[in-house]
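Report on the structure given below.
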Amino acid sequence: MTLNIYLSGEIHTDWRDQIVASAKGLDVRFTGPVTDHAASDDCGVTIMGAEPDKFWHDNKGANLNAIRTRHGIQTADIVVVRFGEKYKQWNAAFDAGYAAALGKSLIVMHGPDHQHALKEVDAAALAVVQEPQQVVDILGYVLNGKLP
């Protein structure tokens, strides 16, 4: 069985690369959002035309990115949402809520400093981890029924 995994959340560290590299040999397929911050911010105005008002500039980009995000979450078997240390990722919280509302299997990843702030998100998850390798170990267990 091939598992489709959507990797959502912070874009400032290499956690996605770590998971993909460590999951080699597992029957998984990874997708995720556009992680080029500038492209993600400016895709709407670049493709659909400039906006003098920053709200509409951001709105165009958010709507265009939502096409990819919605599709990725809807077609995923498992959604992994990473909350980083440096920034508040409101989009990650939204993605986690959307995945939970769709009944998707949800894995949340964050450090101990976010435990209290993310208690409701954590309660919706089937697993809460701190490290990328733990995600890979979960995927291996789900696919093969064996412990790492």
ask   = With charges set only on the Cβ (+1 for Lys and Arg, -1 for Asp and Glu), what does the dipole of the chain come to about its Cα centre, in debye to the nearest 20?
value = 360 debye
note = the range 54-123, Kirkwood Rh and Cα Rg, ratio Rg/Rh at 1.00
request  = Please report the relative contact order for the range 7-148, taking Cα pairs under 8 Å with a sequence separation of at least 6, and give it as a percent rounded to a whole number.
outcome  = 25 percent
request  = Take the cross-link list Lys86/Lys119; Lys119/Lys146; Lys24/Lys86 and give me the ones stretching past 21 Å between alpha-carbons.
outcome  = Lys119/Lys146; Lys24/Lys86
ask   = Lys/Arg Cβ at +1, Asp/Glu Cβ at -1, dipole of the range 9-148 taken about the Cα centre: which of Tyr141, Ser22, Gly111 is farthest positive-ward?
value = Tyr141
query = More than 28 Å apart: what percent of Cα pairs in the chain qualify?
reply = 20 percent
ask   = Want the number for Asn144 to Val45: 0.36 nm per residue separation, take away the alpha-carbon distance, what's left?
value = 31.1 nm
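Read-outs: derived from the displayed coordinates by stated rules, not from any lab. These numbers come from a predicted model, not from an experiment. Using ideal geometry, Cβ is built from the backbone for each residue, glycine included, and neighbour counts are taken over all protein chains shown.
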